[in-house]
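Reading through the structure tokens given below for one structure.
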Amino acid sequence: MAAPPPEPARPLTRRLLVRDLAQVVSPAGRGAPLRGSQLGAVDVVERAYLLCEEGRVAAVGRMRELPDLGGAVEELDGRGLCAIPGLVDCHTHACFAGDRVEEFALRAGGASYEELHAAGGGILSTVRATRAAGENGLLEAVSRHRAWMLRAGTTTWEAKSGYGLDRETELASLRAIRDAGGAATWLGAHAVPPEFASPDAYLDFALEEVLPEAAQLAEAADVFLERGAFDALQARRFLTACREHGLALRLHGDQFTQAGAIGLAIELAARSVDHLEATGDDGVRALALSDVSAVLLPASALFLGRPMPPARALVDAGAAVALATDFNPGSAYCESLPLVCSLAATQLRLTPAEALSACTVNAAHVLGRAGRKGRLAPGFDADVVLLDAPDWRHLSYHLGGDLVRGVLLGGQQAELR
Ligand code: NIG
Ligand code: FE
């Protein structure tokens, strides 16, 4: 057999020029998180180019000012496309096996999410499927979900464990998330599995037997603080122990009831409190005065037919607001941040610019990645979404539209499946 041809010499600098773009758009400035009127400030360059070098954004400018680049540059035709930063999904439960289509059909017929949970369905039915999947099955599932997210323009993502709730499956979940390229969060306190008689008995086990290794795999810990799950005392115990092991803290809070999540998040200097569909004026004021981000999940509120979170009030009061999908099989079977941006405009009264910043810069801040992710500015990672639209605001405007024409990851075209 003939020897393969020699590899072409690799250029010294790996460069990609996306030329003739209709627009290149990025949240303004370099700080994070963006609050108040800053959230809606975006830079828009019309008839533009975007130059990537060695995986980073090297320059953005107008085509007519494109300098002579010299040397080898790969080119991509951007005609008819708008470039926005790769989207950042800071709250998903992408590590699960099976689905809950049966439950979905029951809910469509009138059953409530909380009733199904209390009857041993809901989260616990996904726990049964996830425990049965095995480590390879879990990696396959996360990789499949990751491909869906990428197809929708998500280039940086977080995913939580929380459907194992035993030592082996929780640790396998965190490994699968990490191996698939996600930021792993240990949702060690999601529900009480059937083999434990009480939340405290389960927490004794989780903190003793799982936390030490989970802390080596995860970046953050999360708890479902809610009636029927864990109360504020149990959440404090769980989060305090996790913080001692070096994990950043997140909370699922105020989804159905106000049960003390915001106060606890502020007391423990958590990164975020997520959901907030039941949050009132006091919670809005407290968050606005704090460094805790408010992560809003309108796809989940829509999917469960719940009230929307007070997004406008939070932004106007100066809270650090991020948007995410909450992608999971029960309360938000939706991996699309573009759809979330549409819901932000139509249900949360956020402008397209506010929505874009909330699921790029501010979401990157929640994940501790705002120095590299969430902007198309020199020095940031060249993670880019190319939208098939004449104006970038179609991201919010085109409800459920098929807008993502291409994705760059670190300056290289990603394969979309
Ligand atoms: O964020 N509320 C708790 N956890 C998830 C739902 C998980 C599920 O239903 O499987 C959420 O909505
Ligand atoms: Fe969630």
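The values are calculated or read from the model by the stated rules, or taken from the named source; none is laboratory data. Bear in mind that the values here come from a model prediction, so they are computed numbers and not experimental data. Every residue, glycine as well, gets a Cβ built from its backbone with ideal geometry; the counts of neighbours run over all protein chains shown. Areas reflect the complete protein model, heavy atoms only, side chains present, ligands, DNA and RNA absent. Shrake-Rupley method; radii C 1.70, N 1.55, O 1.52, S 1.80 Å.
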### Query
How do the helices (runs of 4 or more DSSP H) wholly within the range 337-394 filter down when requiring 3 or more residues that are surrounded by fewer than 24 Cβ atoms within 10 Å (Cβ to Cβ): which remain?
337-346
### Message
Report every pair of residues separated by at least 6 positions or lying on different chains whose Cβ atoms are under 9 Å apart, first residue within the range 126-143 and touching a residue at least 40 places away in the same chain (Cβ under 8 Å), second away from ligand 2 (no atom under 16 Å from the Cβ) and β-branched (Val, Ile, Thr).
### Response
Val127/Thr169; Thr130/Thr169; Glu135/Thr169; Leu138/Thr169
### Ala232, sole failed condition from (1) open to solvent by 40 Å² or more (accessible area, probe 1.4 Å); (2) farther than 18 Å from Asp166 by Cβ
(1)
### Query
Has the range 306-316 got at least one residue that is open to solvent by less than 20 Å² (accessible area, probe 1.4 Å) and in a strand (DSSP E or B)?
no
### Query
In the range 121-141, what residues are open to solvent by less than 40 Å² (accessible area, probe 1.4 Å) and closer than 9 Å to Ala97 by Cα?
Thr126, Val127, Ala129, Thr130, Ala133, Gly137, Leu138, Ala141
### Task
Hey, can you tell me all the residues within the range 89-109 that are part of a loop (DSSP other than H, G, I, E, B) and within 23 Å of the chain's Cα centre (by Cα)?
Cys90, His91, Thr92, His93, Ala94, Cys95, Phe96, Ala97, Gly98, Asp99, Arg100
### Query
So how many residues does the range 110-124 have that are near ligand 1 (Cβ under 10 Å from one of its atoms) and assigned to a loop (DSSP other than H, G, I, E, B)?
2
### Message
Being open to solvent by less than 40 Å² (accessible area, probe 1.4 Å) and under 17 Å from Pro390 (Cα atoms) is the filter here; which residues of the range 46-75 pass it?
### Response
Ala48, Tyr49, Leu50, Met63
### Query
Is there a residue in the range 288-301 that is within 16 Å of ligand 1 (Cβ to nearest atom), in a loop (DSSP other than H, G, I, E, B), polar (S, T, N, Q) and closer than 21 Å to His365 by Cα?
no
### Task
Give the range 152-176 a look and list any residue that's within 16 Å of ligand 2 (Cβ to nearest atom) and either over 17 Å from Glu219 (Cα atoms) or at pLDDT below 95 (or both), or say none.
Thr154, Tyr163, Gly164, Leu165
### Query
Which one of these is under 20 Å from Arg306 (Cβ atoms), open to solvent by 10 Å² or more (accessible area, probe 1.4 Å) and of a type in the set (Ser, Thr, Tyr): Thr240, Thr279?
Thr279
### Query
Scanning the range 159-177 for residues that are among the small types (Gly, Ala, Ser) and assigned to a helix (DSSP H, G or I), which turns out farthest from Trp148 (Cα to Cα)?
Ala172
## Note on the structure
Cβ pairs under 6 Å, 6+ apart or interchain, first in the range 215-236 and at pLDDT below 95, second hydroxyl-bearing (Ser, Thr, Tyr) and within 15 Å of ligand 1 (Cβ to nearest atom), ordered by first then second residue, are Arg227/Thr257
### Message
Looking at the structure I just gave you, is Gly318 farther than 24 Å from Val404 by Cα and more than 14 Å from ligand 1 (Cβ to nearest atom)?
### Response
yes
### Query
Within the range 36-50, can one find any residue that is more than 29 Å from Ala353 (Cα to Cα) and part of a strand (DSSP E or B)?
no
